[in-house]
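The structure appears right after this line, and notes come after that.
The values are calculated or read from the model by the stated rules, or taken from the named source; none is laboratory data. Please read all numbers here as calculations on a predicted model, not as lab measurements. A quick note on method: Cβ atoms are made from the backbone with ideal geometry, for glycine too, and the neighbour counts reach across all protein chains shown. For accessibility, only protein heavy atoms count, side chains too; no ligands or nucleic acids. Shrake-Rupley method; radii C 1.70, N 1.55, O 1.52, S 1.80 Å.
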Amino acid sequence: MAHAVRPRSSVSLFATDGKSHPLQDTLVAVTLAMGVLAFVTAMFHSLHLISSWAGLIGFLTGAYGQYVSVTTRERFPLILGMGASAIGFYLGMAHGGLFGGVVG
């Protein structure tokens with residue numbers, strides 16, 4: 001018996017199931033974008049609203065992405081984005097928080 005061998009795609013390095021995952025890929029992109037935004041804006045004291053909110057959204061998006069992820073190719077960038085989001089969130093909270101100066 002001859003078995004059909006599917007050629008592996010070089011685009012998806014760790015996608016072992018060979019299927020497309022549009023929801024997970026979207027969550028990865030949003031998590032990475034929010035992580036970069038939160039991390040970069042956390043370096044500026046006056047941008048604490050952006051860094052704290054972007055960090056919170058990025059971390060929650062990444063957590064849901066981890067919950068529904070299927071492959072290592074999806075999990076690895078989610079962890080990186082969640083780490084950057086968490087750092088941005090914590091520094092944003094230290095500089096004034098989610099509502100600092102707006103409410104109260």
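Summary of values
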quantity: Number of positions in the range 58-104 that are touching a Lys or Arg at 6+ places or on another chain (Cβ under 7 Å) and either part of a helix (DSSP H, G or I) or hydrophobic (A, V, I, L, M, F, W, C) (or both); calculated: 1
quantity: First in the range 75-89 and farther than 17 Å from SER52 by Cα, second anywhere and surrounded by 17 or more Cβ atoms within 10 Å (Cβ to Cβ), Cβ under 6 Å, 6 or more apart; calculated: ARG75/SER69; PRO77/VAL28; PRO77/LEU32; LEU78/VAL28; LEU78/THR31; LEU78/GLY62; LEU78/GLY65
quantity: Qualifying residue in the range 47-60 (condition: open to solvent by 70 Å² or more (accessible area, probe 1.4 Å), over 18 Å from VAL30 (Cβ atoms) and touching a residue at least 24 places away in the same chain (Cβ under 8 Å)); calculated: no
quantity: Of residues in the range 66-98 being among the polar types (S, T, N, Q) and surrounded by fewer than 18 Cβ atoms within 10 Å (Cβ to Cβ), the one nearest to VAL36 (Cα to Cα); calculated: GLN66
